[in-house]
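The values are calculated or read from the model by the stated rules, or taken from the named source; none is laboratory data. Bear in mind the structure is a predicted one, so any value in this text is a computation, not a measurement. We place every Cβ from the backbone using ideal geometry, glycine too, and count neighbours over all the protein chains shown.
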Amino acid sequence: MKAVAVTPGTPHSVHLTDIEKPTLDQVDDGLGVLVKVLKVGVDATDREINDALYGNAPTGDKHLVIGHESFGIVEAVGPNVKRVKPGDFVTATVRRPGGSIYDLIGTNDMTSEETYYERGINLRHGFLTEYFVDEEEYIVRVPAGLKHLHVLMEPMSCAAKAIHQAYEAQRRMKVWRPKLAYVQGAGQIGLLATLVLKLQGLEVFTIARGEGPNLKSEIVEGMEATYVSTKQTPLADLVKQTGKPDLIVDATGSSRLAFEAMEHVGHNGVVVWTGITGGDKKTEIPSDNINLDWVLGNKLLLGSVNANRTHFESGIRDLALGDMMYPGVLAKILTNPVDGLDNYAEMMRLLVEDDDALKVFVNVADE
Ligand code: BGC
Ligand code: ZN
């Protein structure tokens, strides 16, 4: 069967390859699930993998099948599978367990080992192919009523985890009742984080460069949040208008902006970083000011990566509620379909060149 792969270490090596169709017996104990791939989303991580900045092939292989944002339909299940059945729509988690205690309890996203295993990213093949097999544990059911939001499940899981982590960490305050949040960046993670925070009842300002009205501002306002263009309103001016936020989620992909967020969060507040910055940029920061202000304000900086099954499940619930509250808005994120695995070059071109492409995804097969 067809698969889209790269040769890690070689820039711009994305290519079509032929691999064997997986079988249920590759998973022990009758717990395998065979999924027919319907759609796969790609993001900046795939671009960085193709730039050879990131990612490794499984041991013994030269190529890595990419794609970690999956959406498919169950074709067959092993005899002991309970959670899903043929015909169900599903997505799959990305990280697979290493050996730490966190991995042993199903929280692979929190592994304490330096090496991590991620399908389509690091040391495990991904989903940009026709079929995949995985253990029931890593397969998450998607309600049929959400199939029009297909590849958003995985990015949503990362947004859900980031915000859940912030709330968990803020239990240190005993009485944390956040009211005001900033989300920096209006890419897929920023927009989905905006949704999660709106559904938690916060007032949300989603901040990006471009001047509205544009698609991003339309989506943000469609979720009853406020879109702010830093070209029109610099961050410092916004803070003067709104007061300092209780929470800032950075999803810009810019380490400079991630650090800048530290200058604006309020006392007892939290900044969550979600960007995967593959480069080696250096930025000058007002370190004395930040240091003083953070100590005097009991502030917290948190990094959040990946997501486990519980975040997929809560993310899917939020997508379902969000789709009811704001009909038609979330589907607007799914801007750029590419038809068929054969069109992998167009997929990569959109990812690299088209700044307006909010979400590039491949239509791999029909139901
Ligand atoms: C993926 C995450 C992954 C992270 C780091 C992101 O693009 O969505 O699942 O953990 O990259 O590799
Ligand atoms: Zn991703």
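On the stretch given as segment 1-24, residues that are free of Cβ contacts under 8 Å to residues at least 24 places away in the same chain and outside any strand (DSSP E or B) total 1. Select from segment 101-119 the residues that are hydroxyl-bearing (Ser, Thr, Tyr) and within 16 Å of ligand 2 (Cβ to nearest atom) and write down the one among them that is nearest to residue 367 (Cα to Cα). Taking the candidates together, the pick is 117. Does residue 80 count as modelled with pLDDT of 95 or more and within 16 Å of ligand 1 (Cβ to nearest atom)? In short, no.
Does segment 76-100 hold any residues that are more than 16 Å from ligand 2 (Cβ to nearest atom) and under 22 Å from residue 40 (Cβ atoms), and which are they? Those that are more than 16 Å from ligand 2 (Cβ to nearest atom) and under 22 Å from residue 40 (Cβ atoms): 76, 77, 83, 84, 86, 87, 88, 89, 90. Listed conditions (1) surrounded by fewer than 24 Cβ atoms within 10 Å (Cβ to Cβ); (2) away from ligand 2 (no atom under 16 Å from the Cβ) are all met by residue 181, apart from (1). Filter segment 229-263 down to the residues that are buried (at least 20 other Cβ atoms within 10 Å of the Cβ), more than 19 Å from residue 290 (Cβ to Cβ) and of a type in the set (Ser, Thr, Tyr) and list them by number. Those that are buried (at least 20 other Cβ atoms within 10 Å of the Cβ), more than 19 Å from residue 290 (Cβ to Cβ) and of a type in the set (Ser, Thr, Tyr): none in segment 229-263.
Would you check if residue 352 is crowded, with 21+ Cβ neighbours inside 10 Å and among the aliphatic types (A, V, I, L, M)? Answer is no for this residue. Mind listing just one residue for me: the one in segment 78-94 that is among the small types (Gly, Ala, Ser) and more than 23 Å from the chain's Cα centre (by Cα) and, of those, surrounded by the most Cβ atoms within 10 Å (Cβ to Cβ)? Filtering segment 78-94 for residues that are among the small types (Gly, Ala, Ser) and more than 23 Å from the chain's Cα centre (by Cα), the one surrounded by the most Cβ atoms within 10 Å (Cβ to Cβ) comes out as 78.
Scanning segment 169-195 for residues that are under 22 Å from residue 299 (Cα atoms) and part of a helix (DSSP H, G or I) returns 169, 170, 171, 172, 173, 190, 193, 194. Residues in segment 199-218 that are touching a residue at least 60 places away in the same chain (Cβ under 8 Å) and surrounded by fewer than 24 Cβ atoms within 10 Å (Cβ to Cβ) were compared, and the one that is nearest to residue 165 (Cα to Cα) is 199. Name the residue, out of 298, 308, 343, 336, that is surrounded by fewer than 14 Cβ atoms within 10 Å (Cβ to Cβ) and among the polar types (S, T, N, Q). None of the other options fit; the residue is 298. When we screen 114, 154, 130 for residues that are within 11 Å of ligand 1 (Cβ to nearest atom) and either on the phi > 0 side of the Ramachandran plot or at pLDDT 95 or above (or both), the only hit is 154.
Taking the conditions (1) out of contact with any Phe, Trp or Tyr (no Cβ under 6 Å at 6 or more places or on another chain); (2) within 29 Å of residue 354 (Cβ to Cβ); (3) assigned to a helix (DSSP H, G or I) in turn, residue 127 satisfies each one other than (3).
Of all residues in segment 36-43, at least one satisfies being out of contact with any strand residue (DSSP E or B) (no Cβ under 6 Å at 6 or more places or on another chain) and either among the aromatic types (Phe, Trp, Tyr) or buried (at least 17 other Cβ atoms within 10 Å of the Cβ) (or both). Across segment 44-69, the qualifying residues are those that are of a type outside the set (Gly, Ala, Ser), in a loop (DSSP other than H, G, I, E, B) and within 12 Å of ligand 1 (Cβ to nearest atom), and the one among them that is nearest to residue 358 (Cα to Cα) is 68. Taking the listed residues 72, 41, the one that is within 10 Å of ligand 2 (Cβ to nearest atom), modelled with pLDDT of 95 or more and assigned to a strand (DSSP E or B) is 41, with no other qualifying.
For (1) outside any loop (DSSP other than H, G, I, E, B); (2) in the same structural domain as residue 272 (by TED's automatic domain parsing); (3) of a type in the set (Phe, Trp, Tyr), each residue gets a yes or a no:
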{"site": "102", "(1), (2), (3)": "yes, no, yes"}
{"site": "106", "(1), (2), (3)": "no, no, no"}
{"site": "115", "(1), (2), (3)": "no, no, no"}
{"site": "123", "(1), (2), (3)": "yes, no, no"}
{"site": "150", "(1), (2), (3)": "yes, no, no"}
{"site": "162", "(1), (2), (3)": "yes, yes, no"}
{"site": "167", "(1), (2), (3)": "yes, yes, yes"}
